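Chemist: First, the structure itself, so that you have it in front of you.
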Ligand code: NCD
Ligand code: ZN
């Protein structure tokens with residue numbers, strides 16, 4: 001048995017920088033033609049020139065014989081003004097601006113504490129049609145970590161959509177039924193869904209021992225939320241599309257007293273998504289989710305190349321080296337039911 005589909009894209013990806021690119025870029029390019037590349041480097045990517053320079057470093061890491069088209073983003077800080085939005089919107093390489101609520105996740109300290117401060121920037125994005133890509137969690141310490149996404153919808157995103165109804169928004173890596181419902185109720189919005197949030201729920205991370213390699217943000221939720229995500233991803237709705245949020249961290253930084261958030265999923269993400277869709281009897285919906293919906297949302301042409309997945313097991317290696325740092329792969333050391341031809 002085999003499955004052919006239009007070459008997919010990854011609409012939310014962390015490639016990191018420097019020596020890591022020699023691993024992360026081929027690991028993504030083996031399956032995906034394009035990826036929306038997150039800007040949470042240190043320092044963050046806040047100018048069009050910096051985004052283009054980062055893009056060039058990524059392109060330099062694409063192995064001969066592979067093609068890969070990195071779609072760049074800027075990091076929204078309180079200093080990113082409307083003039084940069086105009087420059088970004090007219091650049092062929094910048095495709096969105098990422099909102100990290102300050103302190104929400106890895107490298108988010110330069111993020112935004114209050115949206116009021118960036119309203120002129122968001123208005124310029126509304127005018128130019130440049131999408132806002134949102135990490136949707138409040139950072140208020142009084143809010144339980146499992147509730148932070150749902151509270152963000154009430155406190156921040158709902159009011160923002162009322163204020164700027166035609167702002168183009170992608171709610172990134174959604175993890176709750178609340179977000180699925182919110183996105184469906186706002187038909188102009190898009191949302192990405194990771195493969196780890198389709199496979200796992202919080203018991204997998206916390207019951208019978210703590211598994212730091214499943215710790216990511218937004219954190220895994222209870223199983224009813226996972227079920228809602230599976231339903232949304234496999235539904236055929238054009239609002240939901242593939243975004244791995246693949247985010248490598250060295251083993252030492254994950255297996256630590258204060259471990260980092262993020263799962264390295266890129267190398268076998270497509271095979272893992274195929275497994276999820278197959279279990280639902282929805283393999284016929286994989287191409288829309290992985291290859292069409294994101295491109296349509298971003299107003300980009302669909303890919304023309306075809307890839308083939310075979311119904312033969314592949315073994316996911318336990319680790320990868322990023323420079324001299326060892327990183328664990330999601331489900332490393334086990335098999336996945338599909339392999340890339
Ligand atoms: C991401 C990272 O490590 O850059 N981590 C994660 O848990 N997803 C940041 C992010 O997307 O939140
Ligand atoms: Zn991310």
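The values are calculated or read from the model by the stated rules, or taken from the named source; none is laboratory data. Small disclaimer: the values here were computed from a predicted structure and weren't measured. FYI the Cβ positions are ideal-geometry reconstructions off the backbone, even for glycines, and counts take in every protein chain you see.
Chemist: Report yes if residue 19 is more than 16 Å from ligand 2 (Cβ to nearest atom), farther than 16 Å from residue 267 by Cα and under 17 Å from the mean Cα position of the chain (by Cα), otherwise no. Spell out how you get there, then give the answer.
Modeler: Working: more than 16 Å from ligand 2 (Cβ to nearest atom): yes; farther than 16 Å from residue 267 by Cα: yes; under 17 Å from the mean Cα position of the chain (by Cα): no.
The answer is no for residue 19.
Chemist: Can you pull out the residues in region 124-151 that are in a helix (DSSP H, G or I), within 16 Å of ligand 2 (Cβ to nearest atom) and touching a helix residue (DSSP H, G or I) at 6+ places or on another chain (Cβ under 9 Å)?
Modeler: 149
A quick yes/no check of all residues on (1) out of contact with any helix residue (DSSP H, G or I) (no Cβ under 7 Å at 6 or more places or on another chain); (2) in a strand (DSSP E or B):
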position	(1), (2)
269	yes, no
286	no, no
296	yes, no
320	no, yes
332	yes, no
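Chemist: Within region 223-245, does at least one residue satisfy the condition of being part of a loop (DSSP other than H, G, I, E, B), farther than 28 Å from residue 26 by Cβ and either free of Cβ contacts under 8 Å to residues at least 40 places away in the same chain or within 16 Å of ligand 2 (Cβ to nearest atom) (or both)? I'd like the intermediate steps shown before the answer.
Modeler: We begin by selecting, within region 223-245, every residue part of a loop (DSSP other than H, G, I, E, B); these are 234-239, 243-245.
Restricting the remaining residues to those that are farther than 28 Å from residue 26 by Cβ gives 234-239.
Right, trim to either free of Cβ contacts under 8 Å to residues at least 40 places away in the same chain or within 16 Å of ligand 2 (Cβ to nearest atom) (or both) and you get none.
Checked against the condition, which is being part of a loop (DSSP other than H, G, I, E, B), farther than 28 Å from residue 26 by Cβ and either free of Cβ contacts under 8 Å to residues at least 40 places away in the same chain or within 16 Å of ligand 2 (Cβ to nearest atom) (or both), region 223-245 yields no hits at all.
Chemist: Can you give me the number of residues within region 306-318 that are exposed (fewer than 15 other Cβ atoms within 10 Å of the Cβ) and in a loop (DSSP other than H, G, I, E, B)?
Modeler: So the answer is 5.
Chemist: Can you find a residue in region 122-132 that is at pLDDT below 95 and at negative phi? Full working, then the answer.
Modeler: Our first condition is that a residue be at pLDDT below 95; within region 122-132, this holds for none.
Scanning region 122-132, I find no residue that is at pLDDT below 95 and at negative phi, so the answer is no.
Chemist: Right, another one. What residue, among those in region 48-66 that are in a loop (DSSP other than H, G, I, E, B) and touching a helix residue (DSSP H, G or I) at 6+ places or on another chain (Cβ under 7 Å), is nearest to residue 250 (Cα to Cα)?
Modeler: Filtering first and then ranking leaves 61.
Chemist: Here is a follow-up. Just name the residue that is nearest to ligand 2 (Cβ to nearest atom) out of those in region 152-170 that are outside any helix (DSSP H, G or I) and within 20 Å of residue 12 (Cα to Cα).
Modeler: Our first condition is that a residue be outside any helix (DSSP H, G or I); within region 152-170, this holds for 164-170.
Adding the requirement that they be within 20 Å of residue 12 (Cα to Cα) leaves 167-170.
On the way: 167: 20, 168: 19, 169: 16, 170: 12 Å.
Looking at residues that are outside any helix (DSSP H, G or I) and within 20 Å of residue 12 (Cα to Cα), I get 170.
Chemist: Take the residues of region 79-104 that are touching a strand residue (DSSP E or B) at 6+ places or on another chain (Cβ under 9 Å) and part of a helix (DSSP H, G or I): which is farthest from residue 153 (Cα to Cα)?
Modeler: Taking region 79-104 as the starting set, the residues that turn out to be touching a strand residue (DSSP E or B) at 6+ places or on another chain (Cβ under 9 Å) are 80, 84-85, 87-88, 91, 93-102.
The next check asks that each one be part of a helix (DSSP H, G or I); those that pass are 84-85, 87-88.
Working: 84: 27, 85: 25, 87: 30, 88: 27 Å.
Result: 87.
Chemist: Please verify whether region 261-270 includes one or more residues that are under 26 Å from residue 139 (Cα atoms), out of contact with any strand residue (DSSP E or B) (no Cβ under 6 Å at 6 or more places or on another chain) and surrounded by fewer than 21 Cβ atoms within 10 Å (Cβ to Cβ). Step through it out loud before you land on a result.
Modeler: Filtering region 261-270 down to residues under 26 Å from residue 139 (Cα atoms) leaves 261-265.
With out of contact with any strand residue (DSSP E or B) (no Cβ under 6 Å at 6 or more places or on another chain) added as a condition, the list becomes 261-263.
Now drop any that are not surrounded by fewer than 21 Cβ atoms within 10 Å (Cβ to Cβ), which leaves 261.
Looking through region 261-270, at least one residue is under 26 Å from residue 139 (Cα atoms), out of contact with any strand residue (DSSP E or B) (no Cβ under 6 Å at 6 or more places or on another chain) and surrounded by fewer than 21 Cβ atoms within 10 Å (Cβ to Cβ).
Chemist: May I pose another question? Identify the single condition in (1) within 24 Å of residue 191 (Cα to Cα); (2) away from ligand 2 (no atom under 15 Å from the Cβ); (3) touching a residue at least 60 places away in the same chain (Cβ under 8 Å); (4) not in a strand (DSSP E or B) that residue 107 does not satisfy, given that it satisfies every other one.
Modeler: Going through the list (1) within 24 Å of residue 191 (Cα to Cα); (2) away from ligand 2 (no atom under 15 Å from the Cβ); (3) touching a residue at least 60 places away in the same chain (Cβ under 8 Å); (4) not in a strand (DSSP E or B), residue 107 breaks only (2).
Chemist: Scan region 246-260 residue by residue and report those that are in a loop (DSSP other than H, G, I, E, B), surrounded by 14 or more Cβ atoms within 10 Å (Cβ to Cβ) and out of contact with any helix residue (DSSP H, G or I) (no Cβ under 8 Å at 6 or more places or on another chain).
Modeler: Once the filter is applied, which keeps residues that are in a loop (DSSP other than H, G, I, E, B), surrounded by 14 or more Cβ atoms within 10 Å (Cβ to Cβ) and out of contact with any helix residue (DSSP H, G or I) (no Cβ under 8 Å at 6 or more places or on another chain), region 246-260 yields 247, 249, 250.
Chemist: If you scan region 171-221, which residues turn out to be more than 24 Å from residue 278 (Cβ to Cβ), part of a loop (DSSP other than H, G, I, E, B), more than 13 Å from ligand 1 (Cβ to nearest atom) and touching a helix residue (DSSP H, G or I) at 6+ places or on another chain (Cβ under 8 Å)?
Modeler: 176, 186, 189, 211
Chemist: While we're on this one: Could you identify the single residue in 133, 122 that is under 17 Å from residue 170 (Cα atoms), within 13 Å of ligand 1 (Cβ to nearest atom), buried (at least 16 other Cβ atoms within 10 Å of the Cβ) and touching a residue at least 12 places away in the same chain (Cβ under 8 Å)? Talk me through it step by step, then tell me what you get.
Modeler: Numbers: 122 fails: within 13 Å of ligand 1 (Cβ to nearest atom).
Result of the check over 133, 122: 133.
Chemist: Additional query: Out of 34, 16, 42, report the one residue that is under 25 Å from residue 173 (Cβ atoms), more than 16 Å from ligand 1 (Cβ to nearest atom) and at pLDDT 95 or above. Even if it seems obvious, please write down each step before you answer.
Modeler: Working: 16 fails: more than 16 Å from ligand 1 (Cβ to nearest atom); 42 fails: more than 16 Å from ligand 1 (Cβ to nearest atom).
On inspection, the qualifying residue turns out to be 34.
Chemist: Sticking with this structure for a sec: Is there a residue in region 28-42 that is away from ligand 2 (no atom under 16 Å from the Cβ), touching a residue at least 12 places away in the same chain (Cβ under 8 Å), over 26 Å from residue 216 (Cα atoms) and in contact with a helix residue (DSSP H, G or I) (Cβ under 8 Å, 6 or more places away or on another chain)? Full working, then the answer.
Modeler: Filtering region 28-42 for residues away from ligand 2 (no atom under 16 Å from the Cβ) gives 29-31, 33-34.
Narrowing further to those that are touching a residue at least 12 places away in the same chain (Cβ under 8 Å): 29-31, 33-34.
Filter once more, so that each one left must be over 26 Å from residue 216 (Cα atoms): none.
No, the conditions are met nowhere in region 28-42.
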